[in-house]
1. Take the residues of the range A:414-451 that are among the aromatic types (F, W, Y) and more than 7 Å from chain B (Cβ to nearest Cβ): which is nearest to B:K169 (Cα to Cα)?
2. Taking the options A:D145, A:D133, A:D150, name whichever one is more than 19 Å from A:L192 (Cα to Cα), acidic (D, E), out of contact with any strand residue (DSSP E or B) (no Cβ under 6 Å at 6 or more places or on another chain) and assigned to a helix (DSSP H, G or I).
3. Hey, among the residues in the range A:211-236 that are more than 13 Å from chain B (Cβ to nearest Cβ) and modelled with pLDDT of 95 or more, which one's farthest from A:G175 (Cα to Cα)?
4. Within the range B:662-699, how many residues are within 12 Å of another protein chain (Cβ to nearest Cβ), within 25 Å of A:Q458 (Cα to Cα) and assigned to a loop (DSSP other than H, G, I, E, B)?
5. Mind counting the residues in the range B:380-394 that are within 13 Å of chain A (Cβ to nearest Cβ) and under 27 Å from the mean Cα position of the chain (by Cα)?
6. Can you name the residue in the range B:632-654 that is among the hydrophobic types (A, V, I, L, M, F, W, C), crowded, with 24+ Cβ neighbours inside 10 Å and within 12 Å of chain A (Cβ to nearest Cβ) and, of all such residues, is farthest from B:A490 (Cα to Cα)?
7. Test A:Y76 against the criterion of being farther than 28 Å from A:P396 by Cβ, in contact (Cβ under 8 Å) with a residue 24 or more places away in the chain, of a type outside the set (S, T, N, Q) and touching a helix residue (DSSP H, G or I) at 6+ places or on another chain (Cβ under 8 Å), and give yes or no.
8. Of all residues in the range B:425-451, count the ones that are assigned to a helix (DSSP H, G or I) and under 22 Å from B:G645 (Cβ atoms).
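The values are calculated or read from the model by the stated rules, or taken from the named source; none is laboratory data. Quick caveat, the model's predicted, so the values are computed rather than measured. Don't worry about glycine lacking a Cβ; one is built from the backbone with ideal geometry, like all the others, and counts go over all protein chains shown.
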Number of protein chains: 2
Amino acid sequence: MRNASGNGFDSSDSLAVSGAAEGTARLHDIPPSITPSHGDDSHLLSRIASPADVKALAPNELAELCREIRATLLAYGHQHGGHIGSNLGMVEATVALHRVFDSPRDRIVFDVSHQSYVHKMLTGRADAYLDPDRFSEVTGFTNPDESKHDQFVLGHTGTSISLACGLAKTRDMEGPNSGIGNVVAVIGDGSLSSGVAFEGLNNAAEQGGNLIIVFNDNEMSIAGDFGGMYGPLARLRASGGTAQPNLFNAFGLDYRYVESGNDVSALVAAFEEVRNIDHPVVVHIHTLKGAGYDGAGHVAGTSSASVGNVHEPDSAVSDTGVRPTSNVLHSEPWHSDHCNLSDHEPHEGQCEASHWQNPDSAIGKADNPRKHYGKMAMAALEPRFADEPGLVVISPATPGSNGITHEFRERAGSHYVDTGITESHAVAYAAGIARAGGTPVVATTASFFQRAYDQFFQEMSLNRSRVTVLDFLGGVSASDNTHSGAYDVAMFANIPGVTMLAPTSADEYLADLAWATAPSGATHAPDGPVVIRVPGEPLLSAERDPSLLPLTGGRFAAHPRPATRSHGDDGYRMLDWRVNQAGSAVALIGLGNAYPLAEQTAAALCADHGITATVIDPRQCSSLDCATLESLRDGHTLVVTLEDGQREGGWGEKVTAYYANHHVPECDAAGHDRNPRVLNFGADKEFTDRVPLDVLDERYGLTVHQVVESVTRCF
Amino acid sequence: MRNASGNGFDSSDSLAVSGAAEGTARLHDIPPSITPSHGDDSHLLSRIASPADVKALAPNELAELCREIRATLLAYGHQHGGHIGSNLGMVEATVALHRVFDSPRDRIVFDVSHQSYVHKMLTGRADAYLDPDRFSEVTGFTNPDESKHDQFVLGHTGTSISLACGLAKTRDMEGPNSGIGNVVAVIGDGSLSSGVAFEGLNNAAEQGGNLIIVFNDNEMSIAGDFGGMYGPLARLRASGGTAQPNLFNAFGLDYRYVESGNDVSALVAAFEEVRNIDHPVVVHIHTLKGAGYDGAGHVAGTSSASVGNVHEPDSAVSDTGVRPTSNVLHSEPWHSDHCNLSDHEPHEGQCEASHWQNPDSAIGKADNPRKHYGKMAMAALEPRFADEPGLVVISPATPGSNGITHEFRERAGSHYVDTGITESHAVAYAAGIARAGGTPVVATTASFFQRAYDQFFQEMSLNRSRVTVLDFLGGVSASDNTHSGAYDVAMFANIPGVTMLAPTSADEYLADLAWATAPSGATHAPDGPVVIRVPGEPLLSAERDPSLLPLTGGRFAAHPRPATRSHGDDGYRMLDWRVNQAGSAVALIGLGNAYPLAEQTAAALCADHGITATVIDPRQCSSLDCATLESLRDGHTLVVTLEDGQREGGWGEKVTAYYANHHVPECDAAGHDRNPRVLNFGADKEFTDRVPLDVLDERYGLTVHQVVESVTRCF
């Protein structure tokens, strides 16, 4: 399934899940008495049409509203998945924000905006959470097209302080005409580890003026439970906000601390205190990720206005700042083994832990491509750890989404590093490892790697660092607009010195990985960075059902390009393209995920039009195989490139340019022009947001019938 | 002049300088007795062939060595320009590093590595600084190809901690086999404001093990003299390193402070104390940028082993952290008005202040293109400030290099913001301003914008933020490999929603700026971000000498595309291409800086071959003018694209792909094929390092004779 979902994570994968072998829909576990229904006026949430309705509640109704919201989130999570953990932690804070501040005149910027479910419920969009039929009406992130209460689409991390500084700057420059009151950045749940967040902190005090930075500290703000900031932050919490060093003070910022970050009254009081403040201030609130989830799907804490008391006592924080146990409620831990809701792995990267990855309906389904091929790569690397001490896997957060399982990480020990949400650091760090003779493998999704574009250019490519990059979710997908990987080839393959591979089978993928990670100095080892585009759904489907590769039936997969260490010079042509069917008239070259389409098109051309096309798997997209392109001059009048990424700046147009700039005047023996025409199929230059993949494929002509039609029109 | 230089700043501009109307070479001002010469064994520096020679000196010889190095830097700066100020501050620290540590076994990573001149002198490369004839033997940054003592090419900022973490990781994983001892990151002179530096700090403590972070605090580490970190850092210095909040402690790091950062003995003692330390530690050294420069070219402080005493007393730091005066020595301030050495503007961005921009020989020369067109843009914006309170110019450091002068900034007041070296923040900040209805203009060089690639995608383009980007130094140049702008079109123009303009005259440049910055809601205002590629040398030359535009003589410049606010619908076609000469057979389309080449080629084709070519200025490179492309089908058999940037992923290949994918079967009235062939001229996908532009143009075929030859070969 690659349909869209609206819950704010890479939705192309949303209905496949790994791990649990069984599962049950658990909606019935939610006590019906506290699960508000759409249109049920007996419940508070159903009556909240805007923040004004939150302000109109009696003070003692706020806690009841929080309970309803929490129950709604749990039911929603069971059904749809999503970032439930972080939203459960933010229930009281969000209610308090809308109680105190006056959105949209007061501007609230959520970061990462997957923490905005409660905000959406309170700004006229509760039905999307209450009524499963209206699920698709809202996106998983804030979006100004959706509501005047949403400031930005913010799906990557850490930019809220900078954005808020900009809003505040204009307010201060334009004065009353700006129509802007308080500016509030809500940052946390991993975002604070991003470099741009620190750049923002450093500039906020510089700018001055009203700016309120709410730091949602759910103790998942850095890599795992460890990391440089963690100890000082833990001591800051333990001291009630008085201890030094105080990171925020160190950036010149005023500071307040709220220990009871799930006590709506305490939060209301804290926010009222800073409302209309005349200078930047950080309000550090200590929340509980997953607050109210007891592991069995029940709502905890409903008898109290606060669930803040479920925090472990901060006195349990040791001097080293390491908390002895998880901060996620597991009052019935045995449920963790059976319920998808337990997919909070508290010692993992924080972003991963913020995902309630999948709905219950996904339990027991086969792995999605990211997890499938991610696990495969880790399984290939792990046996090498014993003999290769310098082999290190680096994940800038979200390892679990890419099949880098908790179990693997435990076994890998120091061969695995989670750097937190810090792609820039992760790539530079890998370059450092490579320079020292180690073998780094950096893994995350294509769109997150955009954060490290400059490090790809400078530290990695200019320095010829032997870094292996596992590029997940590359290519066209039904993802949110913030997480699309349709731009990865244009990003990576145009950087000088980068080799980008697009394997089309598991065997080839593993051979590519072996080559890229060959020890420095090995025969034929690459002398610079190698990006491996991890196969997606079309290739995984073809591996599971070889009939989707009608010409080869996946047979060529048994003959991947040779890995470095098992071959001599003879036959070693790592970057050569592979002709899987020799034909005439038309050559179909299908890159990576688009390769099965090439075979399928060839089969249709043969069956319906009697054309035996040449079918080529280029296997990489950072250089051209000129010998193969030259060979096509004989007997081919048309060359078709197929790719599931953006055409502009992409791969296929390089083929077009090759023939245009290498025009030959002579004809072949039969008097035919030896300059084949070229057609390029790929994605338009556009953002797409949760559009089903089949719709996109149709839009871009990436279907058998459309390619066949275009081809036959040329003859 | 656009020849290469080796001093580590954008060398394409190195021999043009703004401002001073007169100047004299001042080499004679250096007392000859302390300026060592190449091969003169009576001086210490001439006898330093490697760090071992530094270790062999008697302790009392170190200060003398520092004096010689300082004199050498001053003489070198007069002759060649370069980052003299920061290197003057780092003389003692670098001597002490090589006295204490054992490079290359101990790894020293300089960040920004323009602070490495002294390091180069001590690692076998002193002759390049002593002997003007050997100037070109070293680059302006560290470079492993140049010396085993250089770890990385590091010309952008802030990655040293991450790189050092990687070196240390491999050492700790591989053990004694790694051959790596202490790992030292030397960061400062602006680098610490980069987000990636904070990501590195946060991960350093997490990793543990030996890692020494030398923070070179020359009080230029943040934007101007202000900024959030500044106050706490100033108080930290004033307290001798004992005050809280301590930023480094807040990241969980051990910390040492050295007030006398220009006292070689104190530094040797401090480094000896941390050598072989078993955990990460920050050694905060307080240095004096420009130490030893007295404004008249003399060497100050030669009678003392320390120049640390020239610091203003830290008690002068006010509670707000604002220092009353510059930290650059100006003992004879009247010299500042006459001497290029005074190009330290202490209230500017720190990176700019670290440049001793140009050699004395450049004094009095005309502005280079960056300064020329930068000043022009600021002059156009400044009169609008009074009526447009939301109009804000943002420079993530280095404003002066782009013509954003100190005087402009003073007058602009709050309409100008220097965010420090924080491109990610700057672009997100601009998106925030735009969202609030303001009008942000972000200016820096193309290669630095690589740091904000993700913010371009997410905060700016996906959010349709009306941000104007002034893209300086875009295109092929003789720059250092770290600063090349040859990749800017591939970076910007492939992002969905970005409009990228490439004006070809001052009038058009100003019209583009007016359009991009039109108030939100103005008729025809753009609805998203606009990147303006600031014209380079070929266009400035053509403006100064219209004979370089042989067809139009620059006449069309009087008819730029209409600016938004002066035109109605009629004739308003902002993104249309402009046909400057209607011809036949061949169409020459020259983008931006390559436009004069189109005219010159057309003139040669006419004179030598009787071909009247069509000549087109496309004026932008983010979309195609399909109507114009269609019109060329009649009467043209060849279309030539010319661009001074990378072909792959660039602009011209989009034209090629257009015709390939819009093939028409019919012939024109004369029976000619209506599908013109296309030839693309542009830069190869490669890094280039200080290669003269004429050499690159010849390499890429971007000369009149090569284009003419290619064209005539097609007929």
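1. Ranking the qualifying residues of the range A:414-451, first place goes to A:Y416.
2. Selected residue: A:D133, the only one of A:D145, A:D133, A:D150 that is more than 19 Å from A:L192 (Cα to Cα), acidic (D, E), out of contact with any strand residue (DSSP E or B) (no Cβ under 6 Å at 6 or more places or on another chain) and assigned to a helix (DSSP H, G or I).
3. Only one residue fits best here, namely A:F215.
4. Residues flagged as within 12 Å of another protein chain (Cβ to nearest Cβ), within 25 Å of A:Q458 (Cα to Cα) and assigned to a loop (DSSP other than H, G, I, E, B) within the range B:662-699 amount to 6.
5. 4
6. B:V639
7. Yes, satisfied.
8. 7
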